[in-house]
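Reviewing the structure listed below.
No lab work stands behind these numbers, since they all come straight from the coordinates. What you see is a predicted model; the values in this text were computed from it and never measured. Methodologically, a virtual Cβ is constructed for each residue, glycine included, from the backbone with ideal geometry; neighbour enumeration extends over all protein chains shown.
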Amino acid sequence: SAVISQKPSRDICQRGTSLTIQCQVDSQVTMMFWYRQQPGQSLTLIATANQGSEATYESGFVIDKFPISRPNLTFSTLTVSNMSPEDSSIYLCSVDREAQETQYFGPGTRLLVL
Amino acid sequence: QKEVEQDPGPLSVPEGAIVSLNCTYSNSAFQYFMWYRQYSRKGPELLMYTYSSGNKEDGRFTAQVDKSSKYISLFIRDSQPSDSATYLCAMSPAGGYNKLIFGAGTRLAVHP
C-alpha cells in the first residue's frame, strides 16, 4: 500500500480566507484524487488530478473554489478558497497504484471555518 | 435514490460476535467493490476489495458480492473491541483509476 501524508492535519480558519492542503505520496502514482467528508456524511469526490494536465472536477465543484495543482507524480495541493462555515469538513487525498484495483487514502485534513 | 445505500447504524455487538455489514447499489456498471475501515479522526483504511461477484476471505474478514442482487456484505468473525470503527463500502465501474462511490458508512461498536 502507499504511504500518504497530508499537511496540515487540521486548521481553524476565518471565513473569506483560503487554505492550501498538501498531499505527498511515497512513490510515483498516476492519479490523485481529492475527496470531501462533511460532518456525519460519507466521502464525495471533488476532483481528479493527473500530472501535467488540468484537474477534472465533479458536478458541484468548480476550479475557482477548489484550485488544484499536480506538479509531479508524488505531490498535489488542494486550495479551499474564500472559505465559509459550510466548507468545514475533512479533506482527503487518495491515490491509485499501477495495476491496482482500488485507492489508498491519506489521513485527512480537518478544517473548521468560523 | 442514492447510488449506494448503507445503513448508518450504529451497530452494537458483544465481543466475539459475528458482524454482518451490508450495502446495496443501483448501478449495474459497478465491477469493483471495496470495504474501508475508518477510525475516529483518521483516514479510511482499505480492508478488502473484490472484483465482480464472489467471496473473498482475509483472516477474520469475508467480503461477498452478489451482483445479481446488487448487494455486497462484509462479515467480521470473532469481533474485537479494536474493530469498533465506521465501515464504508465503496464501488466503481473501473477500479482505482475511477472515482469511488461511497456508502454512508456503518458505525460499529464492539463492547467487551
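Below, the figures for the structure above:
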read-out: Euclidean distance between Cα centres, region B:1-49 to region A:1-51, Å; value: 21 Å
read-out: Listed pairs B:Lys67/B:Lys99; B:Lys42/B:Lys70; B:Lys70/B:Lys99 exceeding 26 Å between Cα atoms; value: B:Lys42/B:Lys70
read-out: Student exercise, the protein assembly as shown dipole from Lys, Arg, Asp, Glu Cβ charges, in Debye to nearest 20; value: 320 debye
read-out: Assigned charges on the beta-carbon of Lys, Arg, Asp, Glu; chain A dipole about Cα centre (debye); value: 320 debye
read-out: Normalised contact order of chain B, rounded percent, pairs of Cα under 8 Å and 6 or more residues apart; value: 37 percent
read-out: Charge-dipole axis of chain B as Lys and Arg at +1 and Asp and Glu at -1 on Cβ define it, positive-most pick from B:Gln31, B:Gln1, B:Asn98; value: B:Asn98
read-out: Contact order relative to length of region A:1-82, as percent, for alpha carbon pairs under 8 angstrom and 6 or more apart; value: 32 percent
read-out: Distance (nanometres) between label positions extended 7 Å along Cα→Cβ at A:Asp11 and A:Lys65; value: 1.8 nm
read-out: With at most 16 neighbouring Cβ atoms within 10 Å, loop GluC sites (Glu not before Pro) (DSSP) excluded, longest segment of chain B; value: B:16-112
